[in-house]
Number of protein chains: 4
Amino acid sequence: MMTTRRHFIAAGAVALSHAMIARVATAQTPPASAGPVDPALIDDLVAANRILVDQGVVDGYGHVSVRHPGDPQRYLMSRSIAPELVTAADIVEYDLDSTAVDPRGRTSYLERFIHGEIYRARPDVKAVVHNHSPSVIPFGVSTVPLKPLYHMSAFLGGGVPVFDIKTAAGGPTDMLVRNAALGRALATTLGARPVALMRGHGCVVVGPAIQMTVFRSVYTEMNARLQAQAMALGAVTYLDDEEARLAGGSVGGTVVRPWELWRKKALAR
Amino acid sequence: MMTTRRHFIAAGAVALSHAMIARVATAQTPPASAGPVDPALIDDLVAANRILVDQGVVDGYGHVSVRHPGDPQRYLMSRSIAPELVTAADIVEYDLDSTAVDPRGRTSYLERFIHGEIYRARPDVKAVVHNHSPSVIPFGVSTVPLKPLYHMSAFLGGGVPVFDIKTAAGGPTDMLVRNAALGRALATTLGARPVALMRGHGCVVVGPAIQMTVFRSVYTEMNARLQAQAMALGAVTYLDDEEARLAGGSVGGTVVRPWELWRKKALAR
Amino acid sequence: MMTTRRHFIAAGAVALSHAMIARVATAQTPPASAGPVDPALIDDLVAANRILVDQGVVDGYGHVSVRHPGDPQRYLMSRSIAPELVTAADIVEYDLDSTAVDPRGRTSYLERFIHGEIYRARPDVKAVVHNHSPSVIPFGVSTVPLKPLYHMSAFLGGGVPVFDIKTAAGGPTDMLVRNAALGRALATTLGARPVALMRGHGCVVVGPAIQMTVFRSVYTEMNARLQAQAMALGAVTYLDDEEARLAGGSVGGTVVRPWELWRKKALAR
Amino acid sequence: MMTTRRHFIAAGAVALSHAMIARVATAQTPPASAGPVDPALIDDLVAANRILVDQGVVDGYGHVSVRHPGDPQRYLMSRSIAPELVTAADIVEYDLDSTAVDPRGRTSYLERFIHGEIYRARPDVKAVVHNHSPSVIPFGVSTVPLKPLYHMSAFLGGGVPVFDIKTAAGGPTDMLVRNAALGRALATTLGARPVALMRGHGCVVVGPAIQMTVFRSVYTEMNARLQAQAMALGAVTYLDDEEARLAGGSVGGTVVRPWELWRKKALAR
């Protein structure tokens, strides 16, 4: 196991070793809690899990987290269960090494490092979704770039990078972002963008608030579906850069409208 | 802001300035109400919102309006909420400048000018739907014309124009029809037709009654979906002009059949 | 009106004039009833309407009929309402001229002649479905023949003819099979087959019992959907003629299995 | 009938005749029961039937079995009804000749030999699903191989063979695996793999437990759907062999997550 890991780092991910060392060091003592959060935020996080199911973005897999409002070094996410089953009691607090503050025997998602490392790299990000959004998968295994074809997905305008875990790890893996090094590599690919595809896996979506992040997840799926259909018809006119920038701003201001609907239905169940 | 707007008009929309001046002038005093309408019409409008959701034509966005039966200078539409949540209490009366008669703090859809300007340009129109109907989006960003491939969508027979807001505005915008000038430009593109696509956005559908307008919205979506499938098979035989004209008339007379079903289900929830 | 009709017959449908004359002659006196039928058959007919909705074969349009078990010159079908709303009280008895025995003010489907003329031409047929089954529409406007790609749709094996109403009528129409002449032309195109597509319209499906006819309607839709997908992948191996013949027989013997499920769910609502 | 069968064996399935003779011999006396099983396993089997419906893998057809935990020569499967209707009372015990231990008048699935012969050939297999999974059908009639495009379907990595019943039987059949000889031929095509497609029919999916077998059925359908979409975009990067092997192992360890969700929903109805 250790041999494999050492080989892995040597093979092409030297720049990532820093984060791994940090993780090993801090793994010894459980991190302290940043304290309780507003129950409404927990409700939003529970709702987000169910909304992503309702909208066809996640199935029995996928996860959504929110940064702790009281401490940017902490984030909140469900223990390892299917998103549809998540309740407030399942929410666990993590530090940015993705170590649970108070696990109490609760299992964590193997890929929680996606969340911790993006929060570390992106102070502007307040929520992260990882999913296997079906229409997005084909774009992750193709050379066709995902591009915004209408205003609802204008946030895709700056380009959607594709993370190839084989390159990041220097060879074949089990495709899972199962440690801080891989999480850091994904965060590097994501850069300052709202969405990155993951080859042979799914995607990661981030935003300045949970509502916006869920919104972007929903319309990334929709754009992928519609872009594939449009390409089948022939040449496609995408939003130009300035349209994407302007529409992204305007549509971003309307997110509360679908969110209210989605949240109401999600929590009514 | 004013500079931008002036530039915009100068750039290629001089003919639209009239409507804008009218809007600025009337914006000072709230318009008078044309009086109450039959509650059954309000029920139809509420039902229309839900039907469009049930039929997959709108999601958390999109809006439907009906012209005031007592005054052609007024129309009725929900305040700015998701269509699925609309109830009778959410219906607001607007004048054709799209100024709310009695807003009472209720927010209006940013794109209400679509409705006001079409009612102004088209005395025959009694209801307007604006949506992001998914199968229609690809046709709006393609050069492939939407054409009727069966009798249910025969109303598309005269051709379906595509509104490009970049041309109308003389440059990139946020894609939203957020003022009277753009609404008027869209109405010009629509001309005497029942449907116009909006590039990178969605479409607008009109009709002589709310039932027919909802019907046309549903079968525009269906035709787009089926046309894409038919084109993938090879050459397609569309309705010829005379078939479209005749079928449009005959099928138009049967709209009450699905409407009764749709309305019953929509209002039972 | 009469001129148009005379022109129509002259133009290319001389062979059909016989049926029309018969219809005119018998239209004067309401036909006699063949008597009441087993309520279980009415339940099956009501269930069939709802099953076709549940299975995505019909929407607010489409109709299903069953031949009267006590008199081959009569058939039973709902009055003109959406299939999902049909109850036992809506079932009307018709003669083969498609004249209602006891209309009591109930409106008939405009295209009931599809049913009457097929029952007249095909003594083996005990049930008829007319629908706008979505995946089937593209095949009706294409030159690509619908062919069975798996055992569930083996009944398509003998070929699926396409009825072009323009040819039958000698020119453009409103696409509706709105009289006995057109119904007879459709029956001629159908010949001895279980399914005929209708260009720019939908299809007609027949069988020796209502269960089998509903089954065939469901799997015609499914085959069309899957055949389009298979063709997009490349060359397709269809069932050969002997496989289709053998599988059609074997699978035909299992129809009760899905029927029991479908009926139970349909009548539970 | 006997002539046909003799011809069939002579024509190209001589190697299969052994199994058939065994079946004829044992059919005379009903096999003994291996005794009752844990009711939780029966619940899992009932749940599996409903889960496959919920996930769109089976419709009114298809079946799932589990090997008897107390005797590898026995398996458990529903009598011949639609999967959605299966309850604990419908579960029948079979020996590997697919003879019911205690039929009590209950009809068996015609194709139960799929299960018996795979259990006989594959001691590692504890559960078998046979379905007409819609997105999989096109791959069974095409020369395009089904390949894993993401980690969830990594188990497809070793290749997915296609069973052609015409080759196995030496000529056209009714496409049904209706005897031990054909079941044995299918098991031979399957070899050591988890999935085999069946040309013009569907597929068979096996695994070391019922949870894993249902999981594989669900993600075989999903992979087929997404692979077709990805191929339409252009060249596809599939998991490489080592990625498939590693991901198959890792993802295999997480099957309990969706299973808990699926089972809870299936049994709540």
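Output the residues belonging to segment C:191-205 that are touching a Phe, Trp or Tyr at 6+ places or on another chain (Cβ under 9 Å) and part of a strand (DSSP E or B).
C:Val195, C:Ala196, C:Leu197, C:Met198, C:Gly202, C:Cys203, C:Val204
From the list D:Thr173, D:Thr220, which residue is in a loop (DSSP other than H, G, I, E, B), at pLDDT 95 or above and not basic (Lys, Arg)?
It is D:Thr173.
Does C:Asp174 count as among the acidic types (Asp, Glu), within 26 Å of B:Val251 (Cα to Cα) and out of contact with any Lys or Arg (no Cβ under 7 Å at 6 or more places or on another chain)?
Numbers: among the acidic types (Asp, Glu): yes; within 26 Å of B:Val251 (Cα to Cα): yes; out of contact with any Lys or Arg (no Cβ under 7 Å at 6 or more places or on another chain): yes.
Yes; evaluated as a whole, the condition is true for this residue.
Does segment A:222-235 contain at least one residue that is touching an Asp or Glu at 6+ places or on another chain (Cβ under 9 Å), surrounded by fewer than 20 Cβ atoms within 10 Å (Cβ to Cβ) and under 30 Å from B:Gln227 (Cβ atoms)?
No: zero hits.
Of everything in segment A:134-161, what is outside any loop (DSSP other than H, G, I, E, B) and among the aliphatic types (A, V, I, L, M)? Give them in sequence order. Can you show your working first?
So in segment A:134-161, the residues outside any loop (DSSP other than H, G, I, E, B) come out as A:134-140, A:151-156.
Scanning segment A:134-161 gives A:Val136, A:Ile137, A:Met152, A:Ala154, A:Leu156.
Kindly indicate whether any position in segment C:229-251 is under 29 Å from C:Thr143 (Cβ atoms) and under 18 Å from the mean Cα position of the chain (by Cα).
There is no residue in segment C:229-251 that is under 29 Å from C:Thr143 (Cβ atoms) and under 18 Å from the mean Cα position of the chain (by Cα).
Can you name the condition, by its number, that C:Thr167 falls short on among (1) of a type outside the set (D, E, K, R); (2) within 14 Å of chain B (Cβ to nearest Cβ); (3) not in a helix (DSSP H, G or I)?
All conditions pass for C:Thr167, except number (3).
If I go through segment A:175-190 residue by residue, how many of them are within 14 Å of chain D (Cβ to nearest Cβ) and either among the charged types (D, E, K, R) or within 13 Å of A:Tyr119 (Cα to Cα) (or both)?
Total satisfying the criteria: 1.
Would you be able to say whether some residue in segment D:214-223 is in contact with a helix residue (DSSP H, G or I) (Cβ under 6 Å, 6 or more places away or on another chain), aliphatic (A, V, I, L, M), more than 9 Å from chain A (Cβ to nearest Cβ) and under 18 Å from A:Gly202 (Cβ atoms)?
no
Do we find a residue being hydrophobic (A, V, I, L, M, F, W, C), touching a Ser or Thr at 6+ places or on another chain (Cβ under 9 Å) and surrounded by fewer than 22 Cβ atoms within 10 Å (Cβ to Cβ) anywhere in segment C:142-160?
no
When you check D:Arg178 against the structure, is it assigned to a helix (DSSP H, G or I) and surrounded by fewer than 20 Cβ atoms within 10 Å (Cβ to Cβ), yes or no?
No; evaluated as a whole, the condition is false for this residue.
Residue pairs, Cβ under 9 Å, 6 or more apart or interchain, first in segment C:247-262 and part of a loop (DSSP other than H, G, I, E, B), second among the β-branched types (Val, Ile, Thr). List them.
Hits for this filter: C:Val255/C:Val214.
So in segment D:60-86, with the set limited to residues that are in contact with a strand residue (DSSP E or B) (Cβ under 7 Å, 6 or more places away or on another chain) and among the small types (Gly, Ala, Ser), which one is nearest to D:Thr213 (Cα to Cα)?
Here the residue is D:Ser65.
Just give me the residues in segment C:176-199 being touching a Pro at 6+ places or on another chain (Cβ under 8 Å) and of a type in the set (Gly, Ala, Ser), in sequence order.
Answer for segment C:176-199, where residues must be touching a Pro at 6+ places or on another chain (Cβ under 8 Å) and of a type in the set (Gly, Ala, Ser): C:Gly191, C:Ala196.
Right, C:Glu260: more than 22 Å from C:Arg67 (Cα to Cα) and among the acidic types (Asp, Glu) or not?
Here the answer is no, as C:Glu260 does not meet what is asked.
I'd like to check something: does segment C:191-207 contain any residue that is within 14 Å of chain D (Cβ to nearest Cβ) and either surrounded by 24 or more Cβ atoms within 10 Å (Cβ to Cβ) or free of Cβ contacts under 8 Å to residues at least 12 places away in the same chain (or both)? Even if it seems obvious, please write down each step before you answer.
Here is the first cut: in segment C:191-207, the residues within 14 Å of chain D (Cβ to nearest Cβ) are none.
Looking for residues that are within 14 Å of chain D (Cβ to nearest Cβ) and either surrounded by 24 or more Cβ atoms within 10 Å (Cβ to Cβ) or free of Cβ contacts under 8 Å to residues at least 12 places away in the same chain (or both), one finds none in segment C:191-207, hence no.
For segment B:245-264, enumerate the residues that are more than 8 Å from chain C (Cβ to nearest Cβ) and more than 22 Å from C:Arg178 (Cβ to Cβ).
Across segment B:245-264, the qualifying residue is only B:Arg263.
Within the set of pairs 6+ apart or on separate chains, which have a first residue in segment A:230-244 that is facing another protein chain (nearest Cβ under 7 Å) and on the phi > 0 side of the Ramachandran plot, a second that is modelled with pLDDT of 95 or more and in a loop (DSSP other than H, G, I, E, B), and C-beta atoms under 9 Å apart?
A:Gly234/B:Ser142; A:Gly234/B:Thr143; A:Gly234/B:Val144
Please determine whether any residue of segment B:143-163 is facing chain A (nearest Cβ under 9 Å), within 29 Å of C:Gly140 (Cβ to Cβ) and touching a residue at least 12 places away in the same chain (Cβ under 8 Å).
yes
The values are calculated or read from the model by the stated rules, or taken from the named source; none is laboratory data. The shown structure was predicted, so the numbers you read here are calculated from the model rather than taken from an experiment. Note that each Cβ is placed from the backbone with ideal geometry, even for glycine, and that neighbours are counted across all protein chains shown.
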